[in-house]
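To start, the structure under review is shown below, and the notes come after it.
The values are calculated or read from the model by the stated rules, or taken from the named source; none is laboratory data. Values in this document were obtained by computation on a predicted structure and should not be read as measured data. Here the Cβ is made from the backbone with ideal geometry for all residues, glycine too, and neighbour counts use every protein chain on show. For the accessible areas, the whole protein counts, side chains as well, though only heavy atoms, and no ligand, DNA or RNA atoms are used. Shrake-Rupley method; radii C 1.70, N 1.55, O 1.52, S 1.80 Å.
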Amino acid sequence: MIRRLPSRRLGFLAVALVLASAGSAFTAEAHREAATTALDHLRADVARLASPELEGRLTGTEGEREAASYLARRLAELGAQPLPGEDDLLLPFEFTAGTSDAGSTFSLTAGGTTRSFSEAAQVQALSFSESAQASGEVVFAGYGLKVPESQDFGYDSYATLDVKDKIVIALRYFPEDLEGDARATLARYSGLRYKALTARENGAKALILVTGPRSAIAGESIPMTFDTASAGSGIIAASLGGVAAAALFGAA
């Protein structure tokens with residue numbers, strides 16, 4: 001049996017449905033407006049932080065300080081509060097702004113004679129080197145390269161060497177005559193810091209790098225440049241110039 005509802009009941013249902021639909025439309029519109037506003041704020045924030053006026057926001061520069069002030073102001077607008085016990089959203093911190101070689105010396109003793117080199121052209125500490133002294137037997141490790149097994153590329157300069165508690169001497173860069181994929185793979189693992197870490201992991205107490213005779217800049221020591229990584233390498237690391245390197249290989 002079909003029963004008809006009173007017309008008044010139908011009207012009530014129709015009104016209720018219309019109101020519900022209007023409420024849903026209003027909620028969706030509000031969400032869209034909120035999302036648009038948030039996106040506009042985000043674009044403005046990114047535009048300000050990436051603006052040329054902040055000059056890259058390098059730590060310790062005026063651009064970095066302006067960026068920090070801007071972020072603190074925006075966080076405060078969003079309701080952020082300082083950490084417990086602090087009065088400001090900005091907190092001081094220490095950072096490494098640069099490095100310099102305070103004085104490195106390389107001494108070679110052979111046949112009862114000792115030669116020492118201290119000028120930067122012949123011995124130069126690397127920026128991530130530990131500040132310490134090391135002496136002992138020297139082991140030549142080719143280019144000092146080791147490609148992780150996960151790369152399925154068999155290359156390990158230390159495979160047949162015992163360098164534990166010894167000083168490793170290695171060539172800078174990677175084999176010059178390589179081409180294609182082999183060249184690209186070894187280039188990826190030829191960075192100075194990576195070579196130092198590889199020597200340390202194999203037990204060496206120091207690493208000496210030499211720019212080999214096949215390089216376009218053969219005989220040049222490696223200039224100290226700022227290493228952006230904050231951590232040291234855990235090993236003494238330096239480079240030798242042509243004269244010091246020739247003396248070392250000549251005595252070997």
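Summary table below
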quantity: Residue within segment 69-78 that is at pLDDT below 90 and either open to solvent by less than 60 Å² (accessible area, probe 1.4 Å) or among the β-branched types (V, I, T) (or both) present; calculated: no
quantity: Number of positions in segment 99-147 that are open to solvent by less than 40 Å² (accessible area, probe 1.4 Å) and part of a loop (DSSP other than H, G, I, E, B); calculated: 12
quantity: Residue match in segment 81-92 (condition: free of Cβ contacts under 8 Å to residues at least 12 places away in the same chain and closer than 30 Å to A125 by Cβ); calculated: yes
quantity: Which listed residue, of F140, F117, F128, is under 25 Å from the mean Cα position of the chain (by Cα) and hydrophobic (A, V, I, L, M, F, W, C); calculated: F128
quantity: Residues (open to solvent by 80 Å² or more (accessible area, probe 1.4 Å) and modelled with pLDDT under 90) located in segment 57-68; calculated: R57, L58
quantity: Residues (open to solvent by less than 30 Å² (accessible area, probe 1.4 Å) and not in a loop (DSSP other than H, G, I, E, B)) located in segment 194-218; calculated: K195, A196, T198, A199, A206, L207, I208, L209, V210
quantity: Condition broken by G191, with the remaining ones in (1) open to solvent by less than 30 Å² (accessible area, probe 1.4 Å); (2) without any contact (Cβ under 8 Å) to a residue 40 or more places away in the chain satisfied; calculated: (1)
